[in-house]
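Enquirer: So that we are looking at the same thing, I have put the structure below in structure tokens.
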Amino acid sequence: MKYTEEHEWLREEDGVYVVGITIHAAEQLGDVVFVELPDVGDTVSKDDEIIVIESVKAASDILSPLDGEITEVNTPIADEPTKINEDAEGDGWLFKIKTTDASPLDDFMDEAAYKKFIG
Amino acid sequence: MSAQDDLKRTGLYDLHVELGAKMVPFAGYEMPVQYPLGVMKEHLHTRNAAGLFDVSHMGQVILRGENPALSLERIVPQSVLALAEGRQRYGLFTNDDGGILDDLMIANRGDHLFLVVNAGCKDADIAHMRAQLTHCEVEVIDDRALLALQGPAAETALARLVPMAANMKFMDVAITDSDFGELWLSRSGYTGEDGYEISVPDAHAEAFTRALLAMEEVEPIGLGARDSLRLEAGLCLYGNDIGPTTTPVEAALEWAVQKIRKTGGERASGFPGADRILSEFENGASRRRVGLLPEGRAPMRAGTDLYASQEAETPIGQVTSGAFGPSIERPMSMGYVTIDHAEIGTNLFGDVRGKRQPVTVADMPFHPTAYKR
């Protein structure tokens, strides 16, 4: 599992990366009430705003951590957005991406570094 | 000195922190926006049992004098003279343009009036009253906390400490002795639920709060849930939904102006902005505050421009409050639209992140109110 400074996590699975927001990010957002997911097949670039998460507090943009193609999205969370609060780093995953450039991974944090990052 | 250092704290600040509240700046105070329960559960708990809110940041003011009710009528469009002893009513300070300087609660407590005004406006309100009500003594109460206990279990909970509270009806006020000093009660609130607002001496505020929180029915509730509760109840947030450039008629607050202050009434006019406000009562206003129900799950938040169609270039209105309603399980908003788009059922579009999302003008409250009449 790798973590970004944007409070996303990535986990490699069968040649694609599963992406979600961290437990810490979910706690900061508060109760999530709405998620707008990208479309499967979308080609995205690193740092594109590809998801909007609305919590009881505000709307937050989620950036793509990598260049690539969206291969799957977690459709059930659109109807049950609180899954993101309940299991941010498990069932609350957001999308899967097949990347054309895995080099940013080298700059992402491991769990220990992320824990330090969030203090 | 940072902005953080300028923020005031209520007497219950340490208790909020102890309870795990997340504190945020609000109207010049550091206030709890949520507790560990979270906004959604706090909201639902208030609707299902009882929620306790610290609203000590609000202004508590006593007006004394020869005839404080008649004096106050010079700066509010309400009938204060007709307000019976032991009763409270909703009021508005208006400006010369007919706009709203603040909304407030006015209580008749026999030989004086007791007012509760918004935190963000209280300094201006007090200066305004001192300037305009020269025959009155304007006494600012700064040694009392103000709590709101709201929800269907509020009566049961409060009556354990103050049995007489059970005998009060919606908008009754009372002064009573208790184990927590002299309490000033009103059966009112700002959530759409039955409940009370309780002014308690600072020296007893923490003990009183702890006594309520020790009860199974009662949870502490932050500003986040207070906002979604009042919005579901169709109630205005001063500064968002009403302000110096919105009139009572535009704001759909006609019910708050009694007949006797309107054209043809015995004490018609005689308050700031009366010409415009009374003319709007006769002829209507060009825009109106309405309820709005967006399609789908995405909240349509304050500032969202509203359009009559997908293609229209000029907005016909704007959202002033918007959130997700935990009890109605859907997003809800209120805002102003031109009068020709204000009819319930009118289909409009809100510009959310560059996309026109369908939204329908809807009746308020969004969630039925449960006042004890």
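Just so you know, all these numbers are worked out from the coordinates, no wet-lab data involved. What you see is a predicted model, and the numbers here were worked out from it, not measured in a lab. Here the Cβ positions follow ideal geometry from the backbone for every residue, glycine too, while neighbour counts run over all protein chains shown.
Enquirer: Quick check, is B:HIS43 part of a helix (DSSP H, G or I), buried (at least 16 other Cβ atoms within 10 Å of the Cβ) and either within 20 Å of the chain's Cα centre (by Cα) or aromatic (Phe, Trp, Tyr) (or both)? Show your work before the answer.
Expert: Numbers: part of a helix (DSSP H, G or I): yes; buried (at least 16 other Cβ atoms within 10 Å of the Cβ): yes; either within 20 Å of the chain's Cα centre (by Cα) or aromatic (Phe, Trp, Tyr) (or both): yes.
The answer is yes for B:HIS43.
Enquirer: Please go through the stretch A:13-35 and give me each residue that is without any contact (Cβ under 8 Å) to a residue 40 or more places away in the chain and farther than 22 Å from A:PHE117 by Cα, ordered by number.
Expert: Within the stretch A:13-35, just A:ASP14 meets the criteria.
Enquirer: Tell me, please, whether a residue that is part of a loop (DSSP other than H, G, I, E, B) and more than 16 Å from the chain's Cα centre (by Cα) can be found in the stretch B:58-66.
Expert: yes
Enquirer: Listed residues B:ASN108, B:ASN95; which is in contact (Cβ under 8 Å) with a residue 12 or more places away in the chain, touching a Gly at 6+ places or on another chain (Cβ under 8 Å) and surrounded by fewer than 21 Cβ atoms within 10 Å (Cβ to Cβ)?
Expert: B:ASN95
Enquirer: To continue, here is another question. Spot the failing condition for B:ASP143; the list is (1) among the charged types (D, E, K, R); (2) farther than 23 Å from B:GLU250 by Cα; (3) out of contact with any Asp or Glu (no Cβ under 6 Å at 6 or more places or on another chain), and only one is missed.
Expert: That leaves (3) as the condition not met.
Enquirer: Oh, and also: Going through the stretch B:329-373 one residue at a time, which ones are within 14 Å of another protein chain (Cβ to nearest Cβ) and either surrounded by 12 or more Cβ atoms within 10 Å (Cβ to Cβ) or under 30 Å from B:ALA153 (Cα atoms) (or both)?
Expert: The first filter runs over the stretch B:329-373 and keeps only residues within 14 Å of another protein chain (Cβ to nearest Cβ), leaving B:329-333, B:350-355, B:357.
B:GLU329, B:ARG330, B:PRO331, B:MET332, B:SER333, B:GLY350, B:ASP351, B:VAL352, B:ARG353, B:GLN357 - these are the residues of the stretch B:329-373 that are within 14 Å of another protein chain (Cβ to nearest Cβ) and either surrounded by 12 or more Cβ atoms within 10 Å (Cβ to Cβ) or under 30 Å from B:ALA153 (Cα atoms) (or both).
Enquirer: Continuing with this model, one more query. Going through the stretch B:47-57 one residue at a time, which ones are polar (S, T, N, Q) and either within 14 Å of chain A (Cβ to nearest Cβ) or in a loop (DSSP other than H, G, I, E, B) (or both)?
Expert: Within the stretch B:47-57, just B:SER56 meets the criteria.
Enquirer: Anything in the stretch B:257-290 that is charged (D, E, K, R) and in contact with a Pro (Cβ under 7 Å, 6 or more places away or on another chain)? List them, or say none.
Expert: B:ARG261
Enquirer: Looking at (1) within 14 Å of another protein chain (Cβ to nearest Cβ); (2) touching an Asp or Glu at 6+ places or on another chain (Cβ under 8 Å); (3) outside any strand (DSSP E or B), which is the one condition that is false for B:GLU280?
Expert: (1)
Enquirer: Next question, about the same structure. Quick one: B:PRO36 ticks every box in (1) surrounded by fewer than 17 Cβ atoms within 10 Å (Cβ to Cβ); (2) more than 14 Å from chain A (Cβ to nearest Cβ) bar one, so which box is it?
Expert: (2)
Enquirer: Is it the case, given these coordinates, that B:ALA302 is closer than 17 Å to B:VAL319 by Cα and surrounded by 19 or more Cβ atoms within 10 Å (Cβ to Cβ)?
Expert: When the stated conditions are applied, B:ALA302 does not pass them.
Enquirer: Another question, if that's okay. Kindly evaluate B:SER321 against the criterion of being closer than 30 Å to B:HIS45 by Cα and either more than 14 Å from chain A (Cβ to nearest Cβ) or in a strand (DSSP E or B) (or both).
Expert: Yes: the conditions hold for B:SER321.
Enquirer: Could you list all residues from the stretch A:27-48 that are more than 17 Å from A:ILE84 (Cβ to Cβ) and either within 10 Å of chain B (Cβ to nearest Cβ) or assigned to a loop (DSSP other than H, G, I, E, B) (or both)?
Expert: Within the stretch A:27-48, A:ASP39, A:VAL40, A:GLY41, A:ASP42, A:SER45, A:LYS46, A:ASP47, A:ASP48 meet the criteria.
Enquirer: With (1) touching a Phe, Trp or Tyr at 6+ places or on another chain (Cβ under 8 Å); (2) surrounded by 17 or more Cβ atoms within 10 Å (Cβ to Cβ) as the list, and B:ILE175 as the residue in question, which single condition is left unmet?
Expert: Result: B:ILE175 passes all but (2).
Enquirer: Filter the stretch A:7-26 down to residues that are part of a loop (DSSP other than H, G, I, E, B) and either of a type in the set (A, V, I, L, M, F, W, C) or closer than 16 Å to A:SER55 by Cβ (or both), then give me how many there are.
Expert: 2
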